[in-house]
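Read the structure below first, then the notes.
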Amino acid sequence: MTNCSVARYVTNMGSGAVAATYLGVCRVWLPGDDLSAIDGAASGESELVKKAAKQLELYFQGCLQQFDLPVDITLLTSFRQQVLLLTAQIPYGSVTTYAGLAKRVGSPKAARAVGGALGANPVPIIIPCHRVVASNGALTGYSGAGGILMKENLLSLEGIDFRAFKKV
């Protein structure tokens, strides 16, 4: 990760890390992700990355519902950027569907492409892809560390009864 600043954060689920460029947060590693690749790969801790690490810790403590951080998703395609920017608007404690996001992005038949965009989300939690479920209510795949179990934990943290959802 060149031209990035990296900081670790600690939660009751384990340690994670966050990276930022001068444009914004560009990568979040969740508890359970392999953090060995970031050791020695950064150019120190910027104020932005320190702020991001603190906000992530507060989120995992249940003390933060909305992030106040710029994100840098400029390396993604414009479609994926649109999907992620809409996903960032899903309120804490709420869910939406892949099909609903596809409609909002102007491509109502692109639910699978929306899923692909969410699977490529480099800044999970800050852009809350865990708040997206299948149209039938199923908790489908989660690309973050821990998969569906992590998605369940995050929804539970936000007060969403994931047991009401179907599981695939």
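The values are calculated or read from the model by the stated rules, or taken from the named source; none is laboratory data. Predicted, not measured: the structure shown is a model, and the values here were computed from it. For neighbour counting, all protein chains shown are included, and Cβ atoms are generated from backbone atoms with ideal geometry for every residue, glycine included.
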Revision key, fill the gap. Considering the stretch 56-81, residues that are free of Cβ contacts under 8 Å to residues at least 24 places away in the same chain and assigned to a helix (DSSP H, G or I), and then whichever is nearest to Cys4 (Cα to Cα), we arrive at Gln81
**Study point:** Selected residue (criterion: nearest to the chain's Cα centre (by Cα)) from residues of the stretch 106-121 that are assigned to a loop (DSSP other than H, G, I, E, B) and buried (at least 19 other Cβ atoms within 10 Å of the Cβ)
**Key:** Asn121
Check your understanding: Does Ala134 count as buried (at least 17 other Cβ atoms within 10 Å of the Cβ) and among the hydrophobic types (A, V, I, L, M, F, W, C)?
Key -> yes
Check your understanding: What single numbered condition from (1) within 18 Å of Leu64 (Cβ to Cβ); (2) of a type in the set (A, V, I, L, M); (3) part of a helix (DSSP H, G or I) fails to hold for Leu84?
Key -> (1)
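Yes or no, residue by residue, for (1) of a type in the set (A, V, I, L, M, F, W, C); (2) loosely packed, with under 14 Cβ neighbours inside 10 Å:
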{"site": "Gln55", "(1), (2)": "no, no"}
{"site": "Tyr59", "(1), (2)": "no, no"}
{"site": "Gly62", "(1), (2)": "no, yes"}
{"site": "Phe79", "(1), (2)": "yes, no"}
{"site": "Ala88", "(1), (2)": "yes, no"}
Practice item. Only one of these is of a type in the set (A, V, I, L, M, F, W, C) and more than 30 Å from Ser107 (Cα to Cα): Val71, Val49, Val83. Name it. Key: Val49
**Study point:** Count - residues of the stretch 122-158 that are of a type in the set (Val, Ile, Thr), within 11 Å of the chain's Cα centre (by Cα) and part of a loop (DSSP other than H, G, I, E, B)
**Key:** 3
Check your understanding: Taking interchain pairs and intrachain pairs at least six residues apart, which have beta carbon atoms under 8 angstrom, with the first residue in the stretch 133-159 and within 22 Å of Leu64 (Cβ to Cβ) and assigned by TED's automatic domain parsing to the domain that holds Ala111 and the second among the β-branched types (Val, Ile, Thr) and assigned to a loop (DSSP other than H, G, I, E, B)?
Key -> Leu154/Ile125; Leu155/Val95
Practice item. Considering every residue within the stretch 21-29, establish whether at least one is of a type in the set (Gly, Ala, Ser) and in contact with an Asp or Glu (Cβ under 8 Å, 6 or more places away or on another chain). Key: yes
**Study point:** Some residue of the stretch 88-104 being outside any strand (DSSP E or B), charged (D, E, K, R), in the same structural domain as Leu149 (by TED's automatic domain parsing) and without any contact (Cβ under 8 Å) to a residue 60 or more places away in the chain
**Key:** yes
